[in-house]
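> Let me give you the structure first, and then I'll get to my questions.
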Amino acid sequence: MTKESLDRLISIALSKGGDYADLFFEYSISNVLALRDNEVNAIASNIDYGVGIRVLKGDQTGYAYSESTIWDDMEKAALSAARIADEIAPCTSFNHKIETVRFTNRYPVISDWSDYSVDNKKLYLQEINDSVFSLDSRITKVMARLSDSETKVLFYNSLGDYYCDCRPIASIVATCILSQNGVTDTASASMSFRMGSEFLTESLKKEIIKALSDNISHIFEARQPKGGEMAVVMGAGGSGILLHEAIGHAFEADFIRKWTSIFSDKLGQQICSKYINVVDDATITANRGALNVDDEGVVGQKTYMVKDGVLHSFLHDRISAKYFGVSPTGNGRRESFRFNPIPRMRATYMENGNCSEDDIIKSIKKGIFVDNFTNGQVQIGAGDFTFFVKSGFLIENGRLTAPIKDINIIGNGPEALADIVAVADNCKIDNGTWTCGKDQYCYVSCGMPSVLVKSLTVGGGN
Amino acid sequence: MKTDTSIAAAALQIALESGAQNARISISRGVENSVIVINNKIDRLLQSTDNALYIQLYIDGRYGSFSTNMMDVDLLRKFITKAARSTVLLAEDECRVLPDKELYYRGNGEDLLQYDSTIESIPTEQRIEDAMRASGEIFGTDKRLLLVEAEYGDMLDYNYTIDSQGFEGSTLQSSYTISADCTVRGRGDRRSEGWWYESSLFYDKLKIEGCSTIALRRSVDSLSPKTLKSGKYNMVIENTVSSKMVAPIISALTGSAIQQGNSFLLNTIGKKIFSDKLTLLDRPHLKGYAGSRYFDSEGLSTKEMNIITKGVVNTYFIDTYFSKKLNIPTTIESPSVLLFSKEKIIDGKNLSLSAIIKDVDKGILVTGFNGGNFNSSTGDYSFGVQGFYFEKGNIVHPVSEMNITGNLISLWNNLLYIGDDARDCAKWQIPSLAFENVDFSGM
């Protein structure tokens, strides 16, 4: 694409009076290799290509895309998007000076995936298979899956902002099925980073085997506990799902702009303990949620959502930032060129407090400890959120006792945040395959030091 | 819809020239339009056309699946040649074969009423008018209403498949949807949300009127919810969300779960696992239903199946691969139009939601799920729920922040009633359901 053709496309997009337009060209190639029944016996690849064209008129959006860069197809898409501004605009040609968006590369690739052979990937999966089987004689099946992809982006908008980015992502998931006395159960572990083939290290292998080993250690002894309201200690790492579901989504400023979030009028107010700081961060090197530049040309950054217990900032895209008269926070993201960008999280975590995890557990007479999760959900307006606990322990008289599993926990965002009464000093980012689905999928991550939530509703029997 | 299928034939030829003994090629093309209106003002206009080519290669007992939206023959040749080179590096898997040709759909089925040509000529102005109508129906009618988001959408979906054994089949489906989401201000900062949607394969059957009124009523009815004490309650699940408790059963009956041994329904064929009241059927050739079809993605002919009869499991969902793996006959990869037996359970009464609530007398009506999951190996589940507490057959107050927890086999053995109110617009025809003695956790 030449600058002239980019300008011409922007001119068409603005031809009906739009205030702003952007072009998002994307080329992605992804590969999956899968192991089942001791053999690497399935492979899949996908190549996807296209351009998304967005036009804004105030806070209204026109969006269309083309799966080809044949001029007529792109022109048709630009005209479709232009219709959001249904005016007869003066015929002007767009020719803005290009401003290249400058950024620090948060995911430098050392070794391209394209140079890494299928044979080497096979070997890696096979070694994982063998290591998992050697963990426990009760394991009957192992499944493993290695995914890698690279997405090339070219962005240009009517402000003249221009950037190119190359976004890698690699993931590995290992699952095993165990059988004991006629009872079966399943455990899983995953790791994901924005990396090239240097992702596949010995230490990664050890880490995923260790995670799987932890997850199966009490699998047959674990039970669904007695349910009800109780104290919950959320262990370091994946407990960041609490932040993602309890407050993260409700801080996304499209909900604030529409006045539908329970936090809509809380900006600047004390919403939790002054020792709590919550961050949404695009700048962690190689992290699954890292982003050099967001999908509307705003440089990736670290955004304090809660600072010293005060609601410090919502997560903005260009539309909400303009609406509220603030700077965008680099949260305008999209699944692919097929989607218009909307405010989304990146890596969301809580900064360290000053307690120790041991002290927190010792302070609980009766409650549960949880640190392994699968999925969560939130209702933005009511603030009710949930997350599913794959495994954890009962806490009785300050000690971890019986293992528990497969329970849903439910709470209310503002109440749960205010109910965090202790924060440990062991913050850990969880590097599993976290994917957020808010109409469209985005890679994210989360993290947390161990915290004590005074009261949440825990699923279980009676 | 005019779609050039010659690219599929070209891709098949390239696949065979690249060393594949067999191959399957599918083309999918989707055209989608939507208009979103917020508080009577257009928020988004979206238009899209998607193309995808799926290539499945069977080379020397090895298997690879590949896809792209690049339809240029020269680029495809490079892509498929490289794909074939990668596929031969895999371990051999003798179960990776195309289906038995005798099982293919051979055409000549009656029209399943899946396509309405109106979709090809709806002007954008009409789409905007429909979305505005839905929003305008309630905007400004209730002071508590903070937001009404109404969306009109239509989609045209075309699929074409050929394989090297001579199978050729195509499907064309149109669909039209109107939906409304309402947010009303509740107690304190809390908002209450309500939604509704209507969908149809035919434009003139789309019920636009009333959609947002129902959404508003649902949001207002849910204001000021309470959390009940933990305990065992009767549970009625509304037809809008009842498929949540059926999906784990279907998932546990798939070939993949059975072969890997992570199914709580492993080794249950011919055994009575569930309540006598549960008879679950697949009727793939019902006309005008969104899930109806004559063949699956392998080209296998669909047929009527009684999945579960009076609690006895009759069949798994077995595609060609898992048929070979498990050495059992092929059935079909997944159900098409699921429905329950029409057997009446409450003598002399209809089985509407209100009739069921009256008969159950006291319990919790679940109208929405909030997260949760189930363990496919054990059948244990735990889901967040919201809805209404009812006594003497009447709604008393809304309920939120509660979980239901238990085991799916126990749950389905506590089945009280199966309604007759499945929504026509749903792919799976799952009506309202009632169960007794369900563990709810709350205060």
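The values are calculated or read from the model by the stated rules, or taken from the named source; none is laboratory data. Keep in mind that what you see is a predicted model, and the values were worked out from it rather than measured. All Cβ positions, glycine included, derive from the backbone under ideal geometry; neighbour counts span all protein chains shown.
> Restricting to segment A:389-404, and then to whatever is over 24 Å from the mean Cα position of the chain (by Cα) and either of a type in the set (S, T, N, Q) or within 8 Å of chain B (Cβ to nearest Cβ) (or both), can you tell me which residue is nearest to B:SER376 (Cα to Cα)?
That would be A:THR401.
> Would you be able to say whether some residue in segment A:451-460 is out of contact with any Leu (no Cβ under 7 Å at 6 or more places or on another chain), more than 22 Å from A:GLU351 (Cα to Cα), crowded, with 24+ Cβ neighbours inside 10 Å and among the polar types (S, T, N, Q)?
Yes, some residue in segment A:451-460 is out of contact with any Leu (no Cβ under 7 Å at 6 or more places or on another chain), more than 22 Å from A:GLU351 (Cα to Cα), crowded, with 24+ Cβ neighbours inside 10 Å and among the polar types (S, T, N, Q).
> Please specify each residue of segment A:10-36 satisfying the condition of being within 18 Å of A:GLY160 (Cα to Cα), part of a strand (DSSP E or B) and not hydrophobic (A, V, I, L, M, F, W, C).
Correct list: A:TYR20, A:ASP22.
> Would you check which residues across segment A:181-200 are under 23 Å from A:THR435 (Cα atoms) and among the β-branched types (Val, Ile, Thr) and list them?
Scanning segment A:181-200 gives a single hit, A:THR186.
> A further question follows. Sort out which residues of segment A:171-186 are crowded, with 22+ Cβ neighbours inside 10 Å and under 22 Å from the mean Cα position of the chain (by Cα), and write them in order of number.
A:ILE172, A:ALA174 - these are the residues of segment A:171-186 that are crowded, with 22+ Cβ neighbours inside 10 Å and under 22 Å from the mean Cα position of the chain (by Cα).
> Restricting to segment B:61-93, name every residue that is in a helix (DSSP H, G or I) and out of contact with any Gly (no Cβ under 8 Å at 6 or more places or on another chain).
B:VAL73, B:ASP74, B:LEU75, B:LEU76, B:ARG77, B:LYS78, B:PHE79, B:ILE80, B:THR81, B:LYS82, B:ARG85
> Also: Only one of (1) on the phi < 0 side of the Ramachandran plot; (2) in contact (Cβ under 8 Å) with a residue 12 or more places away in the chain; (3) surrounded by 18 or more Cβ atoms within 10 Å (Cβ to Cβ) fails for B:GLN260. Which number is that?
Looking at each condition in turn, B:GLN260 falls short on (2).
> Tell me yes or no: at least one residue of segment A:426-444 is charged (D, E, K, R), buried (at least 21 other Cβ atoms within 10 Å of the Cβ), more than 21 Å from A:TYR349 (Cβ to Cβ) and modelled with pLDDT of 90 or more.
No, segment A:426-444 contains no residue that is charged (D, E, K, R), buried (at least 21 other Cβ atoms within 10 Å of the Cβ), more than 21 Å from A:TYR349 (Cβ to Cβ) and modelled with pLDDT of 90 or more.
> Turning to a different aspect of this structure: Enumerate the strands (runs of 3 or more DSSP E) found wholly within segment B:340-443, keeping only those where 3 or more residues are touching an Asp or Glu at 6+ places or on another chain (Cβ under 6 Å) and within 14 Å of chain A (Cβ to nearest Cβ).
B:394-407
> Under 7 Å between Cβ atoms, which residue pairs at least 6 apart in sequence (or on different chains) link something in segment A:360-388 that is facing chain B (nearest Cβ under 7 Å) and more than 29 Å from B:GLY188 (Cα to Cα) with a partner that is surrounded by 22 or more Cβ atoms within 10 Å (Cβ to Cβ) and of a type in the set (A, V, I, L, M, F, W, C)?
Close Cβ pairs satisfying both conditions: A:THR374/A:PHE388.
> Here is a check on your reading of the model: is A:GLY413 crowded, with 22+ Cβ neighbours inside 10 Å and either closer than 26 Å to B:VAL184 by Cα or at pLDDT 95 or above (or both)?
yes
> Another question, if that's okay. Under 7 Å by Cβ, and 6 or more places apart or on different chains, what pairs join a residue from segment B:85-96 that is more than 7 Å from every other protein chain (Cβ to nearest Cβ) with one that is of a type in the set (A, V, I, L, M, F, W, C)?
Matching pairs, first to second residue: B:VAL88/B:ILE59.
> Report yes if A:THR175 is within 14 Å of chain B (Cβ to nearest Cβ), assigned to a loop (DSSP other than H, G, I, E, B) and not aliphatic (A, V, I, L, M), otherwise no.
No, not satisfied.
> Any residue at all in segment A:148-164 that is more than 23 Å from A:SER336 (Cβ to Cβ) and without any contact (Cβ under 8 Å) to a residue 60 or more places away in the chain?
Within segment A:148-164 (the criterion being more than 23 Å from A:SER336 (Cβ to Cβ) and without any contact (Cβ under 8 Å) to a residue 60 or more places away in the chain), the answer is no, since none of the residues qualifies.
> Something else: Is there a residue being within 16 Å of A:THR175 (Cβ to Cβ) and in contact with a Cys (Cβ under 8 Å, 6 or more places away or on another chain) anywhere in segment A:99-112?
no
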